[in-house]
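Taking it in order: structure first as structure tokens, then the write-up.
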Ligand SMILES: NC(=O)c1ccc[n+]([C@@H]2O[C@H](COP(=O)([O-])OP(=O)(O)OC[C@H]3O[C@@H](n4cnc5c(N)ncnc54)[C@H](O)[C@@H]3O)[C@@H](O)[C@H]2O)c1
């Protein structure tokens, strides 16, 4: 293997494009392919189709340096590179199973290129896929090309663990690299590739079977989601216990080294493009092999109810919501992204609208996506203060830094009713001005 082998990436979404740009920033030659021609046009001009901190700068440089190019021809992408990473979407299917349509179509395109290739080529599945999928992909490619996996081409399953909003940094500083391999040569190649990419920042590398790599990704997400659902369950208990506060309880248990402080922030539930669909897919995997996964089921159940806490608080404060003006602040599923896939704000806004409230929404980055989702069901504000002005109640749904700096005393003056619902524990309860009626997740009555 040359020190920095040229690679192609199929699927230039949040995962693929960030990976492409960070690789190119480290001097790799990267060829990107996506079926979405609009996306390719934007990327060609160094523009990102979505918001991710630091990405646009890297992308512009990668394109102008000539390290990142895009193509409409998947065959050309395979021919000109030594390895292809597949980073297409694996969304939730109708029955909760992972929908592998994008993966199958990418494999078909890749297979055509592979059939014409004389030299060995590595296929790397980086998308999150259920156990058994990568081995089936190898078989499909063998049938399509007449070549043998492990001899004429290689295949690895290399799950991605990045966090949106921190994706560039996570790509450059991963906690570990998991390499599921169909044969030693494939694993050796990918290990060498990561050594060249990450250099001194190389984390532990775990080499294992394709199925273990697939399962590690699902188990990882299920465990993280379980930690959040656990603390949300404790938060709901704290609310009913005078003088209790889940923030203090979480701090106390997080100091136990066996538990750790991360993913113990109580709130309105987890959302996004990964946890919801991955936990459902994992439950289906269990069902398919006849194994019940009760902790995963409970993790999902707790989370399905949690967003509605915001509406319960609003009703507790205002009674009937019909005709009440409710500001919803923060729509992206987490801060520092414009991604609204699976965002809890969608459930909250829809429920408020259903109850007859007049809803006005604001998010620092996700307004274009919000307009596509909510249409004319809601009003759109230009800023947080604009949303809050004249409102009967303000619900904070995403913990953007911009919201943390709001002075609640000033905010209260703008509101019709100074009712603040803190769905993410943004504000310190000890500093709430007496003019504000403050409700927060996990804060016991005082
Ligand atoms: N988004 C995350 O935070 C994250 C983190 C870890 C893992 N993952 C996993 O990574 C995978 C990709 O996630 P994402 O958020 O980047 O998805 P995405 O929907 O943002 O991007 C997928 C891209 O693939 C393209 N595509 C679809 N079919 C294609 C084909 N046949 N050939 C080439 N391109 C094709 C789409 O046009 C799109 O641009 C998923 O399996 C996801 O579960 C995502």
Just checking, which of 62, 106, 77, 83 is within 15 Å of residue 11 (Cα to Cα), modelled with pLDDT of 95 or more, buried (at least 19 other Cβ atoms within 10 Å of the Cβ) and more than 14 Å from the ligand (Cβ to nearest atom)? 83
Filtered residue count, the range 231-263, keeping only those that are surrounded by 12 or more Cβ atoms within 10 Å (Cβ to Cβ), closer than 18 Å to residue 303 by Cβ and touching a residue at least 12 places away in the same chain (Cβ under 8 Å): 11
In this structure, is residue 441 surrounded by 18 or more Cβ atoms within 10 Å (Cβ to Cβ) and in contact with a strand residue (DSSP E or B) (Cβ under 6 Å, 6 or more places away or on another chain)? no
Of these, 57, 37, which one is within 15 Å of the ligand (Cβ to nearest atom) and out of contact with any strand residue (DSSP E or B) (no Cβ under 8 Å at 6 or more places or on another chain)? 37
Only one of (1) assigned to a loop (DSSP other than H, G, I, E, B); (2) in contact with a helix residue (DSSP H, G or I) (Cβ under 7 Å, 6 or more places away or on another chain); (3) under 23 Å from residue 99 (Cα atoms) is not met by residue 291, so which one is it? (2)
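Looking only at the range 138-168, which residues are within 17 Å of residue 15 (Cβ to Cβ) and in contact with a helix residue (DSSP H, G or I) (Cβ under 9 Å, 6 or more places away or on another chain)?
Result: 156, 157, 158, 159, 160, 161, 162, 163, 164, 167, 168.
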Taking the range 167-198, which residues are more than 18 Å from residue 157 (Cβ to Cβ) and without any contact (Cβ under 8 Å) to a residue 40 or more places away in the chain? 170, 173, 195, 198
Can residue 168 be described as more than 18 Å from the chain's Cα centre (by Cα) and crowded, with 16+ Cβ neighbours inside 10 Å? no
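Return the residue satisfying two criteria in turn: it lies in the range 23-36 and is farther than 13 Å from residue 4 by Cβ and outside any loop (DSSP other than H, G, I, E, B), and of such residues it is farthest from the chain's Cα centre (by Cα).
The selected residue is 31.
The values are calculated or read from the model by the stated rules, or taken from the named source; none is laboratory data. Predicted model only: the values in this text are computed from it and were never measured. All Cβ positions, glycine included, derive from the backbone under ideal geometry; neighbour counts span all protein chains shown.
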